[in-house]
Amino acid sequence: MKKHLSIVLLTLLLSVQVLNIFAQQRFPKPEFETKYVQPVMQTPSPRSVFMEYFDVVALIGSLSLITWLILKKRSRQGVFWMTIFSLVYFGFYRKGCICAVGSLQNVTMALFYPDYHIPITAIAFFIIPLVFTLFYGRTFCAGICPLGAIQDIFVLRPLPLKSWVQKVLGLIPFIYLGLAVLYSATGTDYIVCRYDPFVGIFRHNATFMMFAIGGILLLIGVFIARPYCRFLCPYGILLNLVSRVSKNHLSIAPGKCIECRLCENSCPFGAINMPTPTKNNEKRNIMVKRFAFYFLITPFLVVLGGWTGSRFHENLANVNPKVKLANELLISNVKEPGKVSLEITTFKSTGKPIDKLYTEAAAIVQKFYIGGWILGGFLGLVFGLTLASLSIIQYRTDYTTNKGSCYSCARCVDFCPVKAEVK
Amino acid sequence: MKQKLIIGLSLLFLLVVIFLIGRDLFTNRENNQGNPTEYNLEKLRKIDSSLICYREVRHINPSLGVVHALAIDSSSNIYIAGDNEVQVFNKSLQKVNTLKLDSSANCIAISGDILYAGIGNHVEVYSTKSGKQTNWKSYNSKGYITSIAVNETNVYVADAENRLVFRYDPDGKLITVIGKKDKSKGIDGFIVPSLYFDVALSPDNELWIVNPGKHELINFTENGGFRTSWGVASMQPNGFAGCCNPIHFCILPNGKFVTSEKGLDRIKLHDQSGKFECIVASLSDPNTQALNNCSIGARIHDLAADSKGIIYVLDASSKLVRIFEKK
């Protein structure tokens, strides 16, 4: 029934997209009859102050409701309808902005640029999901995040991934997080927003490449559930870490697990911890030695990562528009004096001295040198700790949710025959 | 096996996505298409010469520093308003009179020997023989009069700031306010994004007003009731381009409309129902190449037609009145 409903909703969603092809804006963009290309906007039109606050209230309200549905009602159906609501409200109506995922860049920029006035909505959208996660697990991911919601609808034929594949791909969000922080801390760009694959669908406005990427990810999502959430989302890293210490996380069984194995394959995200067979128990001292080895080489990996990152600082800095322009000017002066890009023409028309641009660009490159060290060191640390964590085998007797990677979507609870005790 | 293949392909696509993002972020690919969002009007300015049905036959050089407005009386005398004066030319294009004004007129209209001048927020009345007669009381202080149309019984005054047209009697008494938003009467109000708001009367004394933001000409009754409208937004010659056009229009003795636009600077002829007929003048016409030099604001400051259907165009860039006749 749910699958049929998903297919109907999916068809409706795609139909809306098809209708948009025929949409025309009469005023104030009456140039639709020509081949003029309207610039793709990265941010939607600003909302009124009242609506911004209303959005925060809507976020708190919907998070409270979905948390209640997950933890108290244990209702997958409720989560599904909240997913639809979030997709419509936070996705298509609010056009996906500001979202919690992108807000981490606003927060980073506010930390590094005291003169940057961060919108209160951005702070709220960054903090509120983290606070809820701290207490109740990733209920935000379950059905409130519009990026997760749009993917969740496409989870039709989920296939299990090998644990090692998940671990390896699970490193990508750390790289993305590091880059997002680096580029917002240097005032370069909000890359999470620029490469948000679904926001173009919400706004009916994106480059062909981003539409294609969004489409591919949704298509992949039919078989590999929520690929963006699992293998790209940088905000998910923070939620994962916070969720690990959450006090009231969703449990598969409302009471004592009877190890019936019915839930074993219910999670499309591979976020169920299986009981560890006793026969595979390793000797404790071997495990401790292996852990100690990986733990001890972690500082070395941090330094190695930092050094490697610093070697690539110029490549990293070249994303910055000012550095890119300075490089283009240098190249055009040295190699191809007659060939100038639109950016160079625009810069020259401002009358700004080139030397000043070079000085500013050099200062930014220096920031990237330090940033390269930090980014590389961070990735080295993540790699080291991941290796160390892999060396530990936790022995379990019950089927439990992996508190870090579980999205609290409540799919598993429908499979559990254990009934909650009536007090 | 099938499951492994699907997973493998899915992961491959995922890596392709990551590769595409990384490539877009870190590589500087040259844009060979130039500026894709540059708003280039050059192609649109080029109009098929077979569409041009008028030719420029003469012009008047009034030797004015600035030209503001144009009007033609029933005897085909031509009135050209400049700074603080109006020059009068007869149909042989000989200058016959100069009227001194208190200020510069944005627009003028002539009825018999009375000249109505829209100056700032009010109308001033001048006799062509004895000079200034009176000032009419302005509707409010913020008004900006952009066009006047007159017949024997009514004077219609278009106010771009208030986005209204006022109907006065010849003595300056306000009779009707036309264009106030009134959903019950089907009147949406005028959208006037810039100070171009024209009004004209047909030979049958039908009142036509431009709604530039909706790219329409609207026919009202003299009491302000909506009668009909025509117009379509289009960059092509059959419609009106940009945010707000047409900026000026006049009506020929046979009831056909002549419109002028800013941005694309083209003057067009439409039939009595508004259907596009042909181009009167465009930049691709060698006869009007002199129009090419104006880049700011509207080049065409006014339009008028005489009793024979000859079209007069007030060219602000060359400060000439260009006269067009049918080919």
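Figures for the structure shown
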{"quantity": "Sole residue being in a loop (DSSP other than H, G, I, E, B) and of a type in the set (Val, Ile, Thr), chosen from B:VAL157, B:VAL177, B:VAL192", "calculated": "B:VAL192"}
{"quantity": "Qualifying residue in the range A:22-38 (condition: assigned to a helix (DSSP H, G or I), modelled with pLDDT under 95 and under 30 Å from A:TYR407 (Cβ atoms))", "calculated": "no"}
{"quantity": "Cβ pairs under 7 Å, 6+ apart, first in the range A:338-355 and assigned to a loop (DSSP other than H, G, I, E, B), second at pLDDT below 85 and surrounded by 10 or more Cβ atoms within 10 Å (Cβ to Cβ)", "calculated": "A:LYS339/A:SER332; A:VAL340/A:SER332"}
{"quantity": "Those helices (runs of 4 or more DSSP H) lying entirely in the range A:48-144 with at least 3 residues more than 19 Å from the chain's Cα centre (by Cα)", "calculated": "A:49-71, A:76-86, A:100-112, A:120-136"}
{"quantity": "Selected residue [more than 17 Å from the chain's Cα centre (by Cα), surrounded by fewer than 16 Cβ atoms within 10 Å (Cβ to Cβ) and part of a loop (DSSP other than H, G, I, E, B)] from B:PRO170, B:PRO203", "calculated": "B:PRO203"}
{"quantity": "Residue check, A:TYR136 within 25 Å of A:CYS406 (Cβ to Cβ) and more than 14 Å from every other protein chain (Cβ to nearest Cβ)", "calculated": "yes"}
{"quantity": "Test: B:VAL232 is β-branched (Val, Ile, Thr) and in contact with a Gly (Cβ under 6 Å, 6 or more places away or on another chain)", "calculated": "yes"}
{"quantity": "Residue match in the range A:365-386 (condition: surrounded by fewer than 17 Cβ atoms within 10 Å (Cβ to Cβ) and either basic (Lys, Arg) or part of a loop (DSSP other than H, G, I, E, B) (or both))", "calculated": "no"}
{"quantity": "Elements of type strands (runs of 3 or more DSSP E) contained in the range B:1-99, each with 2 or more residues being closer than 19 Å to B:LEU115 by Cα and modelled with pLDDT of 90 or more", "calculated": "B:69-72, B:78-82, B:85-89"}
{"quantity": "Residues satisfying the stated conditions in the range A:194-214, i.e. within 13 Å of another protein chain (Cβ to nearest Cβ), buried (at least 21 other Cβ atoms within 10 Å of the Cβ) and assigned to a helix (DSSP H, G or I)", "calculated": "A:MET210, A:ILE213, A:GLY214"}
{"quantity": "Candidates A:LEU241, A:LEU177 - the one that is touching a helix residue (DSSP H, G or I) at 6+ places or on another chain (Cβ under 8 Å), assigned to a helix (DSSP H, G or I) and at pLDDT 95 or above", "calculated": "A:LEU177"}
{"quantity": "Checking A:CYS406 against (1) outside the structural domain of A:THR298 (by TED's automatic domain parsing); (2) not basic (Lys, Arg); (3) not in a loop (DSSP other than H, G, I, E, B), the condition it does not meet", "calculated": "(3)"}
{"quantity": "Hits in the range A:180-193 - residues which are more than 15 Å from the chain's Cα centre (by Cα) and either within 9 Å of chain B (Cβ to nearest Cβ) or in a helix (DSSP H, G or I) (or both)", "calculated": "A:LEU182, A:TYR183, A:SER184, A:ALA185, A:ASP189"}
{"quantity": "Selected residue (criterion: surrounded by the most Cβ atoms within 10 Å (Cβ to Cβ)) from residues of the range B:101-160 that are of a type in the set (Gly, Ala, Ser) and farther than 26 Å from B:SER202 by Cβ", "calculated": "B:SER138"}
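For (1) surrounded by 16 or more Cβ atoms within 10 Å (Cβ to Cβ); (2) farther than 21 Å from B:ALA304 by Cβ, each residue gets a yes or a no:
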site	(1), (2)
B:ARG163	yes, yes
B:LEU174	no, yes
B:ILE178	yes, yes
B:LYS185	no, yes
B:GLY189	no, yes
B:PRO193	no, yes
B:ILE209	yes, no
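The values are calculated or read from the model by the stated rules, or taken from the named source; none is laboratory data. Note that the coordinates shown come from a computational prediction; the quantities given were computed from them, not determined experimentally. Positions of Cβ are generated from backbone atoms using ideal geometry, with glycine treated the same way; all protein chains shown enter the neighbour counts.
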